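J.: Got a structure for you, written out below as structure tokens; questions coming shortly.
The values are calculated or read from the model by the stated rules, or taken from the named source; none is laboratory data. Predicted model only: the values in this text are computed from it and were never measured. Reconstructed Cβ throughout: ideal geometry from the backbone, glycine too, with neighbour counts over all protein chains shown.
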């Protein structure tokens, strides 16, 4: 075995700073430059001193108004019963089937009671109270 045939090591161990002069990064400044806050201790990420008026965090837009503590993107897409008038009776009304037929772009989905239902439907998405009554009255069922 020759030294030229040995595999190359890709990773090196991290240089430990401030562990004596013999370590290569020891002694007076230990690779941190001279003086100042960063040379002495830890500075948290995003810290900018006392300049609060021009700081990065202050430049970001605030969420204002009543709903600022509510989670984002929680509104379902809405479909009315009149949109399901041409729905085939044997296929259940699910989010996947609604996306395949092009009635909805993405989930979650909620069905509201605007319109009439003549077909017997099996619904497996969220339904309003009025829409649920109309579906069961037509002979269908709601499974949520």
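J.: Please find, among 113, 132, the residue that is in contact with a helix residue (DSSP H, G or I) (Cβ under 9 Å, 6 or more places away or on another chain) and either surrounded by fewer than 12 Cβ atoms within 10 Å (Cβ to Cβ) or at pLDDT 90 or above (or both). Steps first, please.
T.: Numbers: 132 fails: in contact with a helix residue (DSSP H, G or I) (Cβ under 9 Å, 6 or more places away or on another chain).
The unique qualifying residue is 113.
J.: Let me ask another. Going by what's in this entry, would residue 95 be described as loosely packed, with under 15 Cβ neighbours inside 10 Å and at pLDDT below 95?
T.: Values: loosely packed, with under 15 Cβ neighbours inside 10 Å: no; at pLDDT below 95: yes.
Taking the combined requirement at face value, the residue does not satisfy it.
J.: Please find, among 68, 82, 90, the residue that is exposed (fewer than 12 other Cβ atoms within 10 Å of the Cβ) and under 20 Å from residue 143 (Cα atoms). So that I can check it myself, show each step before the final result.
T.: Numbers: 68 fails: under 20 Å from residue 143 (Cα atoms); 82 fails: exposed (fewer than 12 other Cβ atoms within 10 Å of the Cβ).
The match here is 90.
J.: How do the pairs read when you match residues in segment 41-54 that are modelled with pLDDT under 85 with residues anywhere that are surrounded by 10 or more Cβ atoms within 10 Å (Cβ to Cβ), using Cβ under 7 Å and keeping only pairs 6 or more apart or on different chains?
T.: What qualifies is 48/55; 52/58.
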